[in-house]
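Worksheet: one structure, shown below.
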Amino acid sequence: MSVGVGSGFDSDTSVNRVVIVGGGTSGWMCAAAIARISPPETSITLIESDEIGVIGVGEASIPPLVEFNEFLGLSENDVLRECQGTFKLGIEFVDWRKPGERYFHPFGFYGRDTPEFPFHQLWLRLNDLVKRGQAPAELSAPINEYSLCALAARLGRFSQPHGGNETILSTMRHAYHFDAMRYGQMLRRYAEQRGVQRIEGRVDSVQLHPDRGDIRSVTLREQSVVEGELFIDCSGFKALLLEGALNSDFIDWSHYLPCDRALALPTTGSAPPDPFTRATAESSGWRWRIPLQTRTGNGYVYASAFADEDEVHQQLVRGAEGEPLAEPLALRFRTGHRRNFWLKNCVAIGLAGGFIEPLESTSIHLAQVGIQRLVNLWPGRGFNSAEVAHYNQIMTADYERLRDFIVLHYSATERTDTEFWRYVGHMDIPESLAAKLEIFRGSGRVIAAPDDLFTPHSWLAVMLGQGIYPDHYDALVDRVPDSALIENMRLLKSSIAKTAASLPSHEDYIRRHCASPA
């Protein structure tokens, strides 16, 4: 893995002026976070143009966004009320392994891990006992029967986790479906109230220091010049600063993830809204369905090399629920990331740094993690080349682990009905993913790095959902007596089912706590 060290610039330059190029969700998340942590003497300027459209299709998130809002001090109910949001307990995958099958990726935890064993090892051993006739057949339940998130989603119910770490409710984790454009507007107000200055305009040119080669200023079309010490590129796929001015090259992963187009279509809402996202496999990609309070977000992500675009349009419109509220919005993208996310005195956040298709709703998260890592390495007293190198290294690792998780969904398919599915089912996969799958197939162990975005429970959900089942369980689990395992699993399954049935409906919870104005 090659990473730049950001050498060749003045490491003694204090950062007193921060310039963010580009608004949208990423830009205003960045502005809000920096305004939250930077010293009072730091000036923060955000440049954006109302002439440039915002890609407002990132309407589903994953649980870390809850923590980001808490970091800013934002009330969850206020965010959902203003952004017409609903709760999200996971993602339902339809027709991915093969047509007619579906599985659920819950955000919460399966059962309860013990100090000695992950829960799923106990579940694997229980299934082995059933298979050998040493446990009642009715205990051979899918692992989602031991997930409160999965059962609550199936029943259309929701509640906040509470009651301490030992309760079943504590195994819940959630994220949001929301209007990303409204969220960006909310963060704009937050940032401006804390001193961030917004400049309306479009960047016409970028000026570099003649000696150091880093960015000195940007000039707008109106000929005004904005100077700074730290520049943050939130200009989307164009990457005006990092690519346009500093020529950071791009690592292309389209051979692993060939989808490069999307159509997005908002429709009238369905009632009651489901507390989960749905991803349905189609002939040359997949469709998303994201229920908000007032409308439903629909879209089709596809590979243009394998697609008939008229057929894609027809499949999207035919599969969407409700009446269309606009014409489909066409998007083009390239999967991969910049070799250097941070180069000299410029950091790329969001789409300017890289993109991985939104199958697991990670687009906003990748901006969030880039911001959080920048905050942790804030160059207030100047730029340290070792810290810049570290930032690039950990961001690259974040993208690579996420890439592997998304590739898993495709490579484990059993579909052979179209050229697209035959390609992804037989393509070479990253060595890091192949090693993880080999370990799991042998003993059921899920090896995850401490910084993995997706927990072993998430990896387990997708591997089992895609039909990857281990040959054996961890032999150490045999220490648990058969009778104790059978009884404890029976009680746990029953308790989770009763808890799920006792929760309020998702619709009622929203109505009581965070309903948007009609």
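Values quoted throughout were computed directly from the atomic coordinates according to the rules given, and no laboratory measurement underlies them. Computed from a predicted structure; not experimentally measured. Cβ placement follows ideal geometry from the backbone for every residue including glycine, while neighbour counts extend to all protein chains displayed.
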Per the 1/(1 + (r/R0)^6) rule, R0 = 30 Å and r from the Cβ atoms of T418 and D252, FRET efficiency to 0.05 is 0.80
For the chain, whose charge dipole is built from +1 on Lys and Arg Cβ atoms and -1 on Asp and Glu Cβ atoms, the candidate among P430, A135, G322 with its Cα farthest towards the positive end is A135
For the D211, S75 Cβ pair and Förster radius 56 Å, calculated FRET efficiency rounded to 0.05 is 0.70
Normalised per residue, the volume inside the convex hull of the alpha-carbon atoms of segment 261-332 in Å³ amounts to 75 Å³
Taking Cα atoms only, Rg over Rh for segment 95-153 with Rh from the Kirkwood formula is 1.02
The relative contact order of segment 261-332, taking Cα pairs under 8 Å that sit 6 or more residues apart, comes to a percentage of 45 percent
Contour minus Cα-Cα span, E227 to A475, at 0.36 nm per residue, comes to 83.0 nm
Relative to the chain, whose Cα atoms define the longest principal axis, helix 309-319 and its Cα axis are tilted in degrees, nearest 10, by 60 degrees
P(r) over all Cα-Cα pairs of the chain, 20 Å bins from 0 to the longest distance, whole percent per bin, short to long, reads 22, 53, 23, 2
The Cα radius of gyration of segment 156-270, divided by 2.2 N^0.38 Å with N its residue count, comes to 1.62
Within segment 178-274, DSSP-loop trypsin sites (Lys or Arg not before Pro) with at most 12 other C-beta atoms within 10 Å are R221
So S170 and L155, fully extended at 0.36 nm per residue minus their Cα-Cα distance, gain in nm 3.6 nm
With +1 at each Lys and Arg Cβ and -1 at each Asp and Glu Cβ, the charge dipole magnitude of the chain around its Cα centre, to the nearest 20 debye, comes out at 880 debye
Rounded to the nearest 5, the percent of antiparallel DSSP beta bridges in the chain equals 70 percent
Contact order relative to length for the chain, counting C-alpha pairs under 8 Å separated by 6 or more residues, stands in percent at 24 percent
Sparse-neighbourhood loop hits (GluC sites (Glu not before Pro), segment 112-162; DSSP loop; Cβ within 10 Å at most 12 others) -> E116
Rounded to whole angstrom, the alpha-carbon centroid of segment 299-313 lies from that of segment 353-416 at a distance of 27 Å
For segment 278-379, listing trypsin sites (Lys or Arg not before Pro) in a DSSP loop whose Cβ sees at most 14 other Cβ atoms within 10 Å gives R334
When L374, L208, L241, L220 are ranked with the fewest other C-beta atoms within 10 Å first, the list becomes L208, L220, L374, L241
Between A497 and E309, Cβ-based FRET efficiency (R0 56 Å, step 0.05) works out to 0.80
Taking Cα atoms only, helix 456-465 is inclined relative to the longest principal axis of the chain by an angle, in degrees rounded to 10, of 60 degrees
By the C-alpha gyration tensor axes a ≥ b ≥ c (rounded if a/c is under 1.5, else prolate when a/b exceeds b/c, else oblate), the shape of segment 78-183 is oblate
Ranked on Cβ counts within 10 Å of their own Cβ, fewest leading, I168, I47 go I168, I47
